[in-house]
Protein chains: 2
Amino acid sequence: MTAEHTIKAFDADLNHLKRKIAEMGSLVVVQVHLAQQALTERDVVRAQNVISGDKAIDALQREIEEKAILVIARRQPLAIDLRELVGAVRIANDLERAGDQAENIAKNVLALGGEPPPSSAIVRVKYMADLAIDLLNRVLDSYVRRDIDEALAVWRKDQEIDLANNSLFRELLTYMMEDPHTITPCTHLLVCARNIERIGDHATNIAETVFYIVEGHTVPGERPKGDAVDLSRRTAVGSSQDH
Amino acid sequence: MTAEHTIKAFDADLNHLKRKIAEMGSLVVVQVHLAQQALTERDVVRAQNVISGDKAIDALQREIEEKAILVIARRQPLAIDLRELVGAVRIANDLERAGDQAENIAKNVLALGGEPPPSSAIVRVKYMADLAIDLLNRVLDSYVRRDIDEALAVWRKDQEIDLANNSLFRELLTYMMEDPHTITPCTHLLVCARNIERIGDHATNIAETVFYIVEGHTVPGERPKGDAVDLSRRTAVGSSQDH
């Protein structure tokens, strides 16, 4: 009876954590989406909402971390159960950082002010954000369903964002060279694109964590990166490795 | 005797972790220093060494995280001891991310190629890196000595890097507007400065963790930021909140 009780209590703890991660994931997806809208519509009010909304995400991360560590200390789980808890801490950490990227995008929207960046570049940044939101949704889904095939699909797809970012970087440089008036807005856009690229990196990190939870070891092979050496030599600005 | 043995074993575990963090911290400081030299001397070989050196830091982070969690699961520590272990995980995480920033700087050195950025801007980036290295060294020292006064001094001083970054950003924009040839190198420099600013953020995070380990609660009050609203409205590119 006692052992059964312990298992039930542990399961309840674990389910609570899973729900909190789902809640946090939804919040982050909403933040990225709002930041994208704020950028494409240069909507200052929406940008300010994103900035003030980040606090709730930070609080959830701390809550998940503390809860997971308390469960580890209290229940002394082994193997798969321990991986579940370590995984929860890691995923919350990546979600928190993705939330910070959304906040950074919003800050750059405020910094843009009234100056319009080239509309074709805005369209490309929007496309990158769509990709990032899709990856976040899919990887959160793969976590809930313990679906490593889906996690690996996300893991492979992130390089599309890297490539889009590298090509956008080149494009922005040409705008700036052609017309110095675009330098300030293009620079802010470049930073936004970089933040989106890093949201993709966090989705990739989460995919690796899902794989680790299920399989008990890291994803074999090198992470596919969209910054091949020849490209990165000239335009590596966007090829952040902040994971 | 058993209790005493448990305490001794726990202390040995904790000391092992502290040594690993000191080792990791030294490696990160060296990486930031090498990245700074690579940038100021546009030394491609040194930059490549920084990039290949990041793997060792990543490995140490995983090792510290796994060890800390094993100790939590095995010894079920309470209060201060638990904070020590949670703190070790957090510090290793921030150090790993500071290491990634050094790697990003090195990648931008490769991307700079032969094009010289304005030398006065290089001098200012070097100054920012000096500040960041100083903060890292001091906060690591505050961790070893459990010195919260020193930790709080680091916590307050980070805004100097933020301010230097904001002012450098303005300066770089003027160079780019005056001479479109400088757009590519200035953009890379802008990204380097931003990475350095984020190293400062990680030092600040570590300062908060040291405070938490010793005091058991978070630092009261808002973190001082060098991006006052009026400034950030125009030049918030550098005011990353990636913490």
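The values are calculated or read from the model by the stated rules, or taken from the named source; none is laboratory data. Everything quoted here is computed from the prediction, not taken from an experiment. Note: ideal-geometry Cβ built from the backbone for every residue, glycine included; neighbour counts use all protein chains shown. To get the accessible areas, we keep the full protein, side chains included, count just its heavy atoms, and leave off ligands, DNA and RNA. Shrake-Rupley method; radii C 1.70, N 1.55, O 1.52, S 1.80 Å.
Things to note:
- Taking the label point 7 Å along Cα→Cβ, B:Pro180 and its counterparts in the other copies are spaced 1.1 nm apart, in ascending order.
- In the stretch A:100-137, the residues that give up 30 Å² or more of accessible area when the other protein chains are added, compared with the chain on its own (1.4 Å probe), are A:Asp100, A:Asn104, A:Lys107, A:Leu110, A:Ala111.
- Between A:Ala22 and B:Leu70, the distance separating the two model label sites (each 7 Å from Cα on the Cα→Cβ line) works out to 3.4 nm.
- Average beta-carbon neighbours from other chains, 10 Å sphere, peptide A:181-190: 4
- Probing with 1.4 Å while keeping every protein chain in the model, the per residue accessible area of the protein assembly as shown equals 38 Å².
- Protection-proxy order for peptides A:68-81, B:204-217, each taking the mean of Cβ atoms within 10 Å per residue, highest first: B:204-217, A:68-81
- Dipole of the protein assembly as shown, positive direction: furthest Cα of A:Ile213, B:Leu34, A:Ile161, with charges on the beta-carbon: A:Ile213
- Rounded if a/c under 1.5, otherwise prolate or oblate - the stretch A:16-168, Cα gyration tensor axes: oblate
- Protein accessible surface hidden between B and A, which excludes ligands and nucleic acids, total in Å², probe 1.4 Å: 4500 Å²
- Projecting 7 Å from Cα along the Cα-to-Cβ direction, the label point of A:Lys18 sits 4.0 nm from its equivalents in the other copies, listed shortest first.
- Residue of chain A with the smallest Cβ distance to the axis mapping A onto B, distance rounded to whole Å: A:Ile72, 2.
- Across the options A:Leu82, A:Cys192, A:Ala111, the greatest Cα extent toward the positive end of the charge dipole of chain A (unit charges at beta carbon of Lys, Arg, Asp, Glu) belongs to A:Leu82.
- Dipole magnitude for the stretch A:1-63: computed about the Cα centre from +1 point charges on Lys and Arg Cβ and -1 point charges on Asp and Glu Cβ, it is near 80 debye.
- Counting only Cβ charges, +1 for Lys and Arg and -1 for Asp and Glu, the dipole size of the protein assembly as shown around its Cα centre is about 360 debye.
- Carbon + sulfur, % of accessible area of the stretch A:97-164 - ligands and nucleic acids excluded, 1.4 Å: 56 percent
- Cβ charges +1 (Lys, Arg) and -1 (Asp, Glu), total dipole of the stretch B:104-169, debye: 120 debye
- Whole-angstrom gap from the stretch A:12-35 to the stretch B:91-152, using each part's C-alpha centre: 32 Å
- Exercise: per-residue mean of other protein chain Cβ atoms within 10 Å, A:67-73: 5
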